[in-house]
Each structure stands twice: as structure tokens, then as C-alpha cells.
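The values are calculated or read from the model by the stated rules, or taken from the named source; none is laboratory data. Since we're looking at a predicted model, the values are computed, not measured. Every residue, glycine among them, receives a Cβ derived from its backbone with ideal geometry; neighbour counts consider all protein chains shown. Accessible surface is based on the protein model in full, side chains and every heavy atom, while ligands, DNA and RNA are left aside. Shrake-Rupley method; radii C 1.70, N 1.55, O 1.52, S 1.80 Å.
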Amino acid sequence: MIKASAFAEQAKSSAYDGIPYTELDCQAFVEKVLGDCGCKKSNGARYNWTGSNKMWRVALNWKGTLAQARAQWGDIPVGAWVFTVKYDGGEKERGYNDNEGNAKHVGIYIGDGRVRHSSTGGVQYATIDEARWTHCGLCKYLDYGDAPVDDKISSVIALLEEALKILKG
């Protein structure tokens with residue numbers, strides 16, 4: 001399993017500088033960084049969650065507000081995915097009737113109060129304290145060390161997928 005800190009370091013790579021949003025939107029940026037770290041499906045394909053809403057719902061072991069994360073760990077874990085989640089009905093328009101909100105944007109927390117994401121200006125940096133960032137989550141395919149997760153089964157599945165990759169060579 002890829003370490004979340006290595007994932008965050010990859011997100012800082014200058015290889016992403018200057019890539020416009022039209023070529024790499026927020027979801028695609030997070031997926032590309034994940035793939036560039038070597039985190040792929042057991043069949044070797046890259047992950048594609050078809051939007052930040054899908055990422056918010058199926059790719060995380062733990063999710064909550066930034067305040068909840070800070071209360072639990074003292075800070076946002078490095079490598080956490082940060083989201084703009086609104087309760088504006090947008091989730092229902094997209095077919096989600098689960099009251100989990102409308103995840104409108106996603107980025108990667110890289111530590112030191114900074115986020116790397118792709119927006120209208122392309123791949124860029126932001127601060128975690130900008131009003132847009134409301135929630136965060138821990139990706140089930142990354143190792144956050146001692147950060148506890150709610151869904152232990154997902155962690156086991158991710159480990160088994162990694163073992164299958166190794167066995168398939």
C-alpha cells in the first residue's frame with residue numbers, strides 16, 4: 001500500500017505545473033497523482049471515480065469535516081483528500097439520495113496548511129483555511145500510518161488488491 005506521505009509528495013511535483021483545468025480537472029488530478037504513485041486497480045488500470053461526488057462516497061475509509069479531523073488527529077492527515085461539500089440539493093440532481101452532501105471539488109492536503117488541486121487556473125496551490133475546503137477523507141488505498149479509519153474491511157481489501165498486483169508481477 002502506498003504511504004499517504006509519498007502520495008502528498010508526488011502531488012507537489014513540478015510535472016503538474018502549468019497543466020490547465022481543461023486537461024486535468026480536480027478529480028482527474030487526484031486520480032493522476034494516485035496512479036503516478038503506482039496505486040492502481042488489481043488489473044493495472046487507473047482509478048476513475050467519475051467525479052468528486054463518487055470519490056466522496058466510495059473511495060474513503062474515513063470522512064468528516066475539517067474540524068472533526070483536527071479534533072481526532074490534531075491536524076488534517078498529510079495525503080488526505082479535501083473537499084468542498086455543500087448541502088445544496090446538488091447530490092439529489094446527480095442521483096445520490098443519501099444526505100452526504102454535494103462534493104463539488106477535491107484536492108490533496110500536502111501538509112503545512114497547503115492543498116494542491118486543479119481549478120480554473122489549472123493545477124495550483126491553495127491554503128487549507130480557504131472557505132472552499134469544508135471536509136476531508138482518508139483514501140482507502142493509501143496508508144496513513146496511525147490515523148484510525150472506520151472501515152477496516154476496506155483496508156483489508158486494499159491490502160489484498162496490492163498483494164494480487166505483486167503476485168501477478
Checklist entry - Within the stretch 11-18, is even one residue open to solvent by less than 40 Å² (accessible area, probe 1.4 Å) and under 14 Å from the mean Cα position of the chain (by Cα)? => result yes
Item to check | Filter result (hydrophobic (A, V, I, L, M, F, W, C) and either part of a loop (DSSP other than H, G, I, E, B) or within 20 Å of residue 76 (Cα to Cα) (or both)) within the stretch 1-22 | outcome: 1, 2, 4, 6, 7, 8, 11, 19
Checklist outcome for this item: Selection from the stretch 117-136 of residues assigned to a loop (DSSP other than H, G, I, E, B) and touching a residue at least 60 places away in the same chain (Cβ under 8 Å) yields 120, 121, 128, 133, 134
Checklist entry - Based on what the data block shows, is residue 86 open to solvent by 60 Å² or more (accessible area, probe 1.4 Å) and in contact with a His (Cβ under 8 Å, 6 or more places away or on another chain)? => result no
Checklist entry - Quick one: would you say residue 123 is among the aliphatic types (A, V, I, L, M), modelled with pLDDT of 95 or more, closer than 15 Å to residue 13 by Cα and surrounded by 17 or more Cβ atoms within 10 Å (Cβ to Cβ)? => result yes
Checklist outcome for this item: Conditions (1) open to solvent by less than 50 Å² (accessible area, probe 1.4 Å); (2) modelled with pLDDT under 95 -> residue 35 fails only (2)
Item to check | Identity of the residue in the stretch 116-141, β-branched (Val, Ile, Thr) and out of contact with any helix residue (DSSP H, G or I) (no Cβ under 9 Å at 6 or more places or on another chain), that ends up farthest from residue 78 (Cα to Cα) | outcome: 120
Item to check | Qualifying positions in the stretch 95-145 - within 17 Å of residue 69 (Cβ to Cβ), more than 15 Å from the chain's Cα centre (by Cα) and among the β-branched types (Val, Ile, Thr) | outcome: 127
